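Undergrad: Starting off with a structure, shown below.
The values are calculated or read from the model by the stated rules, or taken from the named source; none is laboratory data. Owing to the predicted nature of the structure, the values given are computational and were not obtained by experimental measurement. In this analysis, Cβ positions are derived from the backbone assuming ideal geometry, glycine residues included, and neighbour counts consider all displayed protein chains.
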Amino acid sequence: MSEAEARLFPLRPFVGASIAVIRGDRVLLAARANAPMRGVWTLPGGLVEAGESLAGAALRELQEEVGLTAEVVGVLAPTEIIACDADGRVRHHYVVHPHAARWCGGEPSPGPEALDVRWATREELPGLETTPGLAGTLAEAFARVRAPRSGGAT
């Protein structure tokens, strides 16, 4: 059984972390390489490993997916992804904790979990197929990154 198949019809939600890396007026997006939502633009992220902090998971996934590092400046409102089958059984259930981050340097390149990567403005989002709730998460991320620095991530 593949890892993706093992996530079908879960007994409890899976916990994930993602990261909105802001560079000026742009945010880093990755096109998903795996189902569900293959080819859909979203934030780099993935499942939190046992013993790993949410921010640590977000930074690890950023490095693994696109080869980039960033400075986390805050945690954003969580996103729930719940999908049911035709019989009403829960097929997928993820609770994703996004993080706002500042770009520190370097250029991203797609890894095994990303078909492509791009720096996008918020004005470009309506023309892209994105994961549910991404626009709201990005509005919160841009506000957090532009807020005065207060001495570390919260």
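Undergrad: Of the residues G46, G16, which is more than 13 Å from A141 (Cβ to Cβ) and modelled with pLDDT under 95? It would help to see each step written out before you state the result.
TA: Working: G16 fails: modelled with pLDDT under 95.
Step by step, each of G46, G16 is checked, and only G46 is more than 13 Å from A141 (Cβ to Cβ) and modelled with pLDDT under 95.
Undergrad: Any chance the stretch 9-16 includes a residue that's crowded, with 20+ Cβ neighbours inside 10 Å and either among the β-branched types (V, I, T) or under 15 Å from the mean Cα position of the chain (by Cα) (or both)? Show your work before the answer.
TA: The first filter runs over the stretch 9-16 and keeps only residues crowded, with 20+ Cβ neighbours inside 10 Å, leaving 16.
Okay, now just the ones that are also either among the β-branched types (V, I, T) or under 15 Å from the mean Cα position of the chain (by Cα) (or both), so 16.
Within the stretch 9-16, one or more residues are crowded, with 20+ Cβ neighbours inside 10 Å and either among the β-branched types (V, I, T) or under 15 Å from the mean Cα position of the chain (by Cα) (or both).
Undergrad: On the given criteria, is S18 closer than 21 Å to P132 by Cα and among the hydroxyl-bearing types (S, T, Y)? Outline the logic, then answer.
TA: Numbers: closer than 21 Å to P132 by Cα: yes; among the hydroxyl-bearing types (S, T, Y): yes.
So S18 passes the test.
Undergrad: Another question, then. Being part of a loop (DSSP other than H, G, I, E, B), in contact (Cβ under 8 Å) with a residue 12 or more places away in the chain and surrounded by fewer than 14 Cβ atoms within 10 Å (Cβ to Cβ): is that true of G51 here? It would help to see each step written out before you state the result.
TA: Values: part of a loop (DSSP other than H, G, I, E, B): yes; in contact (Cβ under 8 Å) with a residue 12 or more places away in the chain: no; surrounded by fewer than 14 Cβ atoms within 10 Å (Cβ to Cβ): yes.
It is false that G51 is part of a loop (DSSP other than H, G, I, E, B), in contact (Cβ under 8 Å) with a residue 12 or more places away in the chain and surrounded by fewer than 14 Cβ atoms within 10 Å (Cβ to Cβ).
Undergrad: Search the stretch 76-109 for residues being surrounded by fewer than 19 Cβ atoms within 10 Å (Cβ to Cβ) and touching a helix residue (DSSP H, G or I) at 6+ places or on another chain (Cβ under 7 Å), and hand back the single one that is nearest to S18 (Cα to Cα).
TA: The qualifying residue nearest to S18 (Cα to Cα) is A77.
Undergrad: Could you list all residues from the stretch 88-138 that are assigned to a helix (DSSP H, G or I), hydrophobic (A, V, I, L, M, F, W, C) and either over 14 Å from the mean Cα position of the chain (by Cα) or on the phi > 0 side of the Ramachandran plot (or both)?
TA: Pass one, the stretch 88-138, residues assigned to a helix (DSSP H, G or I): 122-127, 134-138.
Imposing the further condition that a residue be hydrophobic (A, V, I, L, M, F, W, C) reduces the set to 125, 134-135, 138.
The answer is L125, and nothing else.
Undergrad: Out of curiosity, is V27 of a type in the set (V, I, T) and more than 18 Å from A141 (Cβ to Cβ)?
TA: No: the conditions fail for V27.
Undergrad: Let me ask something else about it. Criterion first (touching a residue at least 40 places away in the same chain (Cβ under 8 Å), among the polar types (S, T, N, Q) and touching a Phe, Trp or Tyr at 6+ places or on another chain (Cβ under 9 Å)) does T79 satisfy it?
TA: Details: touching a residue at least 40 places away in the same chain (Cβ under 8 Å): yes; among the polar types (S, T, N, Q): yes; touching a Phe, Trp or Tyr at 6+ places or on another chain (Cβ under 9 Å): yes.
It is true that T79 is touching a residue at least 40 places away in the same chain (Cβ under 8 Å), among the polar types (S, T, N, Q) and touching a Phe, Trp or Tyr at 6+ places or on another chain (Cβ under 9 Å).
Undergrad: Of the residues E80, E129, E113, E107, which is of a type in the set (D, E) and at pLDDT 95 or above?
TA: Working: E80 fails: at pLDDT 95 or above; E113 fails: at pLDDT 95 or above; E107 fails: at pLDDT 95 or above.
One residue alone meets the criteria, E129.
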